[in-house]
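Down below is the structure, laid out as structure tokens.
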Amino acid sequence: MAQKESRKVSIRNGRGMELAGIVEYPAKVTAGKTYPAVVLSHSFTGFKEIKHLTHLSAALVKSGFFAFRFDFSDCIGESEGTCEEMRLIHQVDDLLDVLDFVDGKDPVDSERVGLAGHSLGGLTSIVAASRDDRPAALVPVASAADATGGNLFGENEVERWRDAGHIHFQTYRRGEVKIGYGFYEDLQRYDALELLPGIHAPIRFIHGTEDTIVPVENSKRMYDAANEPKDLHLVEGADHLFKQQEHEEEMLDAAVDWFEEWLRSGREGSYSV
């Protein structure tokens, strides 16, 4: 595997909170050359060190990209924020703040920056791209199309959530956390099927056919709603987290191939590492 470098970065978001991030890049960067970059967004209650994001970051660097991953402003990762104030719109704003940080960072070419996100991070990337035309390519992975697209919250649980004003949700990293009902109220405001016609960046949807958390029909519907150029890559037998190695490898290859196609086009000579 090609050698890579990494460093931690701190980014202040629009609400004055510090976002903790990591940038990874090829160890040998050629002076005077510019490089494409991809910003990676984690899932609901995820974090920047989660396995599939770290592996995607490494795969991108191996292909000559800069890769930025960060924690949203909630209580799960190292960024400031609370889970009671978790909102999709806060994640979108965080992502756009990170895009501001990446934009123009030497030696990143600001015209060749893509977005990739897993699950809720995929929807976050779509909403962000509908509000900002800088992303030059998109790869939502196992993304929900809207608030009803996943199976995390049943109808009865949503009713209890509304009545109580919060739920206690079990997370991998922080154990049980308290999430305000405002998160679900905010989530209902976003429908990828309505936003995708306004996005003109090349987009590839990647989804496992055996995803029981966010069913594959989400990506199929979003593909139908998206503009060309677009692609739908289904990983046969894969679950939501691509736990099987062969499934994860196929997902990584499909994501990197899309960014290589659309962030390198017409830029011959600017990818030496």
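Just so you know, all these numbers are worked out from the coordinates, no wet-lab data involved. None of the values given here were measured: they were computed from a predicted structure. Don't worry about glycine lacking a Cβ; one is built from the backbone with ideal geometry, like all the others, and counts go over all protein chains shown.
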ask   = Thinking of the stretch 46-96 as a set of Cα atoms, what percent of all their pairs are more than 12 Å apart?
value = 66
task = Take each of the peptides 51-64, 176-189, average the number of other beta-carbon atoms within 10 Å over its residues, and list them starting from the highest.
result = 51-64, 176-189
query = Against the longest alpha carbon principal axis of the chain, how many degrees, from 0 to 90 and to the nearest 10, is the axis of helix 245-263 turned?
reply = 60
task = Determine, for each peptide in 212-221, 33-42, the mean count of other beta carbons within 10 angstrom over its residues, then list the peptides with the highest first.
result = 33-42, 212-221
ask   = To the nearest 10 degrees, how steeply does helix 155-164 sit against the main Cα axis of the chain, on a 0 to 90 scale?
value = 80
query = Just Arg174, Arg69, Arg134 to compare: in a GNM of the chain, with alpha carbon springs under 10 Å, which one fluctuates most?
reply = Arg174
query = So which of Lys8/Lys48; Lys8/Lys105; Lys4/Lys243; Lys8/Lys243 end up more than 21 Å apart by C-alpha?
reply = Lys4/Lys243; Lys8/Lys243
message = If you wrap a convex hull around the alpha carbons of the chain, what volume per residue comes out, as a whole number of Å³?
response = 114
inquiry  = Could you give each residue of the stretch 138-150 its phi-based ³J(HN,Hα) in whole Hz, using Karplus coefficients 6.51, -1.76, 1.60 with θ = phi - 60°, and x for Gly or Pro?
reply    = 10, 9, x, 10, 6, 8, 7, 7, 6, 5, 9, x, x
remark   = The answer for His233, listing residues at least 5 apart or on another chain whose modeled amide H is closer than 5 Å to its amide H, is Phe205, Ile206, His207
